[in-house]
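Reading through the C-alpha cells given below for one structure.
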Amino acid sequence: MLITLIIILGLCLGSFATCLTYRSKYHYSLLYPHSFCETCQHNLTWWQLIPVLGYVLQKGHCHFCHQKISPFSTYIELGFALLLGSVCYFLPWEIWPNFILTSFWLLCLSLEDWQDTTISLYLLVLGAIGPLTLAPLQLSFTQVVLLGVLLWANWTKKLGYGDTFVILVLGVTLGDQTLASILFIASLAALIYVKYTKQHALPFVPFLSLGYLLSLPVALNWAKF
C-alpha cells in the first residue's frame with residue numbers, strides 16, 4: 001500500500017518537475033499563467049493535467065487543437081514514479097523522505113541542465129534545503145581539499161557553479177566514500193557520452209544524478225543512507 005502511494009507521489013513529482021523547469025526556463029511564475037497548450041495557447045482543464053492519465057485520455061493530442069503533445073513529460077512522470085517505487089521498496093521507510101527530496105532536487109536540476117546547460121539559482125539553493133536538513137552532515141579534511149579543487153575548477157571555467165554546489169551537497173550529506181563513487185560513475189559516463197557525441201561542453205548534473213542513483217548501495221551499505 002505504501003509503495004503504491006510512493007508511485008503516485010512519483011507521478012505527481014515528475015509532473016511538477018517538468019512544470020517547474022519549464023516555467024523557470026521562460027521566467028513564468030508558479031501560479032501564473034495557467035498551464036496551456038504550447039501550440040494553440042488554450043488553457044488546460046484539470047483532467048488534462050493529471051499525470052500520465054491526462055496524456056492517455058487525450059490520446060497524445062491536444063483536446064482543443066488536436067496537435068500532437070510531446071510525450072516528454074509523461075516519460076519523466078513514469079520514469080520517476082518507477083524509480084521511487086522500486087528504490088523505496090528496498091529502503092527502510094525512515095530513509096524515504098531524504099531519498100525522495102534528494103532525487104526530486106536532482107531531477108529538477110538535471111532537466112534544466114540538460115535542456116539549457118544552465119541552472120536556476122533558486123532551484124539550486126532552495127532544493128538543497130531538504131537533503132541538508134534531513135541527512136547528518138559529514139565533514140572531513142578530504143572534503144576541504146575537494147572544495148579547493150572545485151573552486152579552482154569553477155574559477156577556470158572547467159566546472160559550473162551548479163555542478164560545484166551539487167557535488168558539495170552530496171559530499172557533506174553522503175560522505176567521502178559515496179561521493180568518490182558518484183564522481184567516478186559520473187565522470188566515466190560523461191567521458192563515454194563525449195566520445196560518442198563529440199560534444200565537449202556538456203551538462204554534468206545529469207551524470208551526477210546517475211552517479212547518485214548507482215551509488216546508493218555504497219551510501220547505504222544497504223543499511224544506512
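Rule-based calculations on the coordinates, nothing more; no lab input. Keep in mind it's a predicted model, so treat the numbers as computed, not measured. Cβ sites come from the backbone with ideal geometry, for glycine too, and all protein chains shown count toward neighbours.
Where (i) -0.53, -0.88, -1.18; (ii) -0.60, -0.95, -1.18; (iii) -0.73, -1.03, -1.16 are the candidate values, the label of the one calculated here for log10 I(q)/I(0) by the Debye sum over Cα atoms at q = 0.11, 0.14, 0.16 Å⁻¹ is (ii).
Ordering I167, I50, I192, I7 by the number of other Cβ atoms within 10 Å of each residue's own Cβ, fewest first, gives I192, I50, I7, I167. Whole-Hz Karplus values for region 26-35 come out as 9, 6, 8, 6, 5, 9, 9, x, 5, 4 Hz, taken residue by residue from phi with 6.51 cos²θ - 1.76 cosθ + 1.60 and θ = phi - 60°; glycine and proline positions read x. Among the DSSP helices (H) of the chain, those spanning at least 24 angstrom by Cα along their long axis with an average Kyte-Doolittle hydropathy of 0.0 or more are 2-25, 72-90, 96-116, 176-197; this is a geometric and hydropathy rule only.
Please rank W105, W47, W114, fewest neighbouring Cβ atoms within 10 Å first, as an exposure proxy. Provide the component values of the computation, followed by the final result.
Values: W105 22, W47 11, W114 14.
Ascending Cβ contact count within 10 Å gives the list W47, W114, W105.
Note on I8 and K198: with the Förster distance fixed at 41 Å, the Cβ-Cβ geometry gives a FRET efficiency of about 0.50. Cβ crowding within 10 Å, taken as a proxy for footprinting-reagent exposure, orders F80, F99, F90, F165 from fewest neighbours to most as F90, F165, F99, F80.
Calculated mean residue ellipticity, 222 nm, the chain: -21000 deg cm²/dmol, from DSSP H runs (n ≥ 4) at -39500 (n - 2.57) each, averaged per residue and rounded to 500.
With 0.36 nm allotted per residue and the present C-alpha distance subtracted, the S29-L134 stretch has 35.0 nm of extension available.
Restricting to Cα pairs below 8 Å that are 6+ residues apart, what does the relative contact order work out to for the chain? Please round to a whole percent.
On the way: 235 pairs, mean separation 43.3, N = 225.
Once normalised by length, the contact order is 19 percent.
Check each of the GluC sites (Glu not before Pro) in region 1-104 and keep only those in coil by DSSP with at most 13 other C-beta atoms within 10 angstrom; list them in order.
Values: sites: E38, E77, E94; in loops: E38.
Passing both the DSSP loop test and the Cβ count: E38.
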